[in-house]
1. Select, from B:Tyr174, B:Tyr106, B:Tyr168, the only residue that is within 14 Å of chain A (Cβ to nearest Cβ), assigned to a helix (DSSP H, G or I) and aromatic (Phe, Trp, Tyr).
2. Looking at B:Ala177, B:Ala148, B:Ala181, which is the one that is modelled with pLDDT under 95, of a type outside the set (Val, Ile, Thr) and surrounded by 18 or more Cβ atoms within 10 Å (Cβ to Cβ)?
3. Can you tell me which residues in segment A:118-132 are more than 8 Å from chain B (Cβ to nearest Cβ) and either open to solvent by 30 Å² or more (accessible area, probe 1.4 Å) or not aromatic (Phe, Trp, Tyr) (or both)?
4. If the requirement is being in contact with a Leu (Cβ under 7 Å, 6 or more places away or on another chain) and either at positive phi or aliphatic (A, V, I, L, M) (or both), which of these qualifies: A:Leu320, A:Leu303, A:Leu255, A:Leu288?
5. Go through (1) without any contact (Cβ under 8 Å) to a residue 40 or more places away in the chain; (2) away from chain B (no Cβ under 14 Å) one by one and return the number of the condition A:Lys138 breaks.
6. Starting from segment B:144-164, keep only residues that are among the acidic types (Asp, Glu), then list their pairs with residues that are assigned to a helix (DSSP H, G or I) whose Cβ atoms are within a distance under 6 Å, requiring at least 6 positions of separation or different chains.
7. For the structure I just gave you, tell me whether A:Gln310 is open to solvent by 80 Å² or more (accessible area, probe 1.4 Å), of a type outside the set (Val, Ile, Thr), more than 22 Å from A:Thr164 (Cβ to Cβ) and modelled with pLDDT of 95 or more.
8. Between a first residue in segment A:93-112 that is more than 22 Å from A:Arg47 (Cβ to Cβ) and a second residue that is polar (S, T, N, Q), which pairs have beta carbons less than 7 Å apart while being 6 or more apart in sequence or on different chains?
There are 2 protein chains.
Amino acid sequence: MTSVTSLFAPVEDDLAQLVENLKQLIGARHPVLFAAAEHLFKSGGKRVRPAIVLLLARAVADAGVEISPRHRRLAEITEMIHNASLFHDDVVDEAEMRRGVTTVNYEFGNRIAIQAGDFLFAQASWYLANLDNLEVVKLLSEVIKDLAEGEIQQGFSSFDVALTLENYLEKSYYKTASLIANSSKAVGVLSEAPADLTQDFYEFGRAVGLAFQIVDDILDFTSTVDALGKPACADLKSGNLTAPVLFAMEEKPYLQVLIERELTEPGDLEEAIALINHSQGIARSRALAEEYAASAVQRLAKLPASDAKQALIELTDYILKRLY
Amino acid sequence: MTSVTSLFAPVEDDLAQLVENLKQLIGARHPVLFAAAEHLFKSGGKRVRPAIVLLLARAVADAGVEISPRHRRLAEITEMIHNASLFHDDVVDEAEMRRGVTTVNYEFGNRIAIQAGDFLFAQASWYLANLDNLEVVKLLSEVIKDLAEGEIQQGFSSFDVALTLENYLEKSYYKTASLIANSSKAVGVLSEAPADLTQDFYEFGRAVGLAFQIVDDILDFTSTVDALGKPACADLKSGNLTAPVLFAMEEKPYLQVLIERELTEPGDLEEAIALINHSQGIARSRALAEEYAASAVQRLAKLPASDAKQALIELTDYILKRLY
């Protein structure tokens with residue numbers, strides 16, 4: 001299995017520089033935030049979002065042309081927005097673990113987690129404004145709006161058995177795909193790529209983001225606590241109904257009953273998990289993720305062959321491989 | 001004493017419309033946020049920030065010209081950013097009261113307060129991007145950055161007797177004056193006013209903001225709980241060293257001793273308050289606020305006479321009158 005590090009080889013140095021820049025930025029004047037940033041960056045996030053930005057920037061440039069400072073800044077902005085939103089999500093969800101390590105709120109308290117999130121959002125907005133490109137400002141401000149919307153929707157749709165697959169995909173777009181889609185599109189805008197290619201970048205990012213989220217939601221059922229760094233079936237327990245549950249409910253009406261009473265009777269959770277495992281829920285979710293991954297690859301067709309393009313194609317494979 | 005309502009008479013209808021728009025915006029799709037918004041808007045905030053934007057917009061327009069939709073949107077953005085920052089500040093400070101009513105976090109929990117703040121920031125960013133003016137985007141993104149910086153600085157300078165008046169004014173700029181200064185400047189930009197007038201608007205807003213903050217900080221010592229809606233001397237208790245304390249420390253070295261030990265011995269707080277009351281701390285703070293108010297009025301000199309200009313002049317008076 002390809003490791004994500006070798007996958008990102010064409011932009012490995014760029015990513016290392018990006019992490020260093022963000023640490024400096026956050027830590028420069030605030031020791032406690034520095035500790036939070038260290039905590040965050042040592043936790044081994046995969047930097048998928050900035051990697052996609054950097055790989056697209058490289059794939060669309062002429063061979064041998066360096067990634068521009070504005071593309072690098074855009075990559076930093078995506079990672080800042082992503083982490084700001086994680087900080088706040090973890091406070092809101094009172095989460096203690098993420099990616100196998102304790103959360104910032106658990107380690108440093110809500111105060112630091114909220115402030116670190118606000119600081120990152122604010123700094124990202126400022127960097128964004130100073131990219132001096134109104135179209136890019138609009139694309140990323142849309143993302144920030146979508147993230148807030150997704151955070152709120154998730155809270156209000158807990159244990160809602162009326163949730164449709166369409167609702168789920170919309171929520172997943174807000175939560176995950178919007179950032180990847182719009183920042184991919186922004187690469188095209190900054191590179192002054194033709195409009196159709198720029199739109200392909202958007203669709204590529206959207207499809208990658210949805211595949212990524214569906215795979216994450218499958219792993220919540222199939223992974224053990226150790227591999228995932230958070231309790232398995234956490235989504236189901238908290239009433240966050242994802243693709244495997246929605247598909248399973250179509251086959252197993254009793255699953256609806258259990259979910260409608262919010263899994264409150266003894267044995268409900270175990271029974272719900274068994275019903276899901278005996279349904280096509282996981283298999284159909286996997287097929288859906290594969291569809292999105294394939295459609296993402298198609299959107300790269302207009303790009304000339306390059307190491308960066310190859311890495312983007314392999315990234316979609318890698319996302320699916322997490323399932324096996 | 002002029003009431004703040006009659007003061008804002010030239011833009012009273014505009015402000016009522018603004019509050020209605022914000023309620024609709026926040027509440028349209030999220031019932032719980034709607035409750036939070038209602039709670040916020042019934043709490044009788046004075047809408048000083050959007051009032052200043054609307055009054056400046058009117059004062060700089062030719063007589064009889066209506067305020068433009070973009071100026072109205074800018075006014076909404078200032079109120080959204082202000083309230084988003086209050087929501088998060090109150091969570092961070094675990095505040096239970098503000099302006100005489102319970103806070104959103106106290107009433108609805110941290111989850112809703114954080115989400116409502118994120119939602120308002122996000123919506124403000126999006127409105128901002130769609131004003132289609134890169135200079136205005138930069139001015140307001142600077143504000144968002146300053147607010148986050150102010151929030152963090154305040155936490156890290158608790159009970160720090162080395163804090164200078166300059167540090168205090170910088171912190172007050174971040175916390176309060178930056179929003180008024182930069183949104184005032186943005187009025188000039190949107191109105192395509194001459195550069196020197198636009199800079200006067202910035203300086204007007206900065207001076208008003210600093211006067212406002214200093215008066216607030218004085219009131220924390222001179223007001224009773226009832227008038228202020230939060231416990232008196234709350235700043236001193238929490239280690240937030242403001243103008244009256246900083247001036248008093250110059251005269252009363254023992255005050256430093258008390259503050260350095262964070263007022264932890266029995267009777268420390270009462271003794272500290274007595275020392276401040278027997279110093280020139282309050283009087284010198286008042287003189288400083290008066291200086292800023294006077295300098296704000298000077299910055300309006302280039303504007304032709306109008307009801308709106310008169311209201312802005314009276315606003316600076318009104319800020320000081322809160323002290324008597």
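1. Selected residue: B:Tyr174, the only one of B:Tyr174, B:Tyr106, B:Tyr168 that is within 14 Å of chain A (Cβ to nearest Cβ), assigned to a helix (DSSP H, G or I) and aromatic (Phe, Trp, Tyr).
2. Criteria check complete, one pass: B:Ala148.
3. Matches in segment A:118-132: A:Leu120, A:Ala124, A:Leu131.
4. A:Leu255
5. (2)
6. B:Asp146/B:Tyr174; B:Asp146/B:Ser178; B:Glu149/B:Tyr174; B:Glu151/A:Gln115
7. It is true that A:Gln310 is open to solvent by 80 Å² or more (accessible area, probe 1.4 Å), of a type outside the set (Val, Ile, Thr), more than 22 Å from A:Thr164 (Cβ to Cβ) and modelled with pLDDT of 95 or more.
8. What qualifies is A:Glu96/A:Thr102; A:Glu96/A:Thr103; A:Asn110/B:Asn110.
The values are calculated or read from the model by the stated rules, or taken from the named source; none is laboratory data. On a predicted model such as this, the values are computed, not experimentally measured, just so you know. For neighbour counting, all protein chains shown are included, and Cβ atoms are generated from backbone atoms with ideal geometry for every residue, glycine included. These area figures cover heavy atoms from the full protein model, side chains too; ligands, DNA and RNA do not enter into them. Shrake-Rupley method; radii C 1.70, N 1.55, O 1.52, S 1.80 Å.
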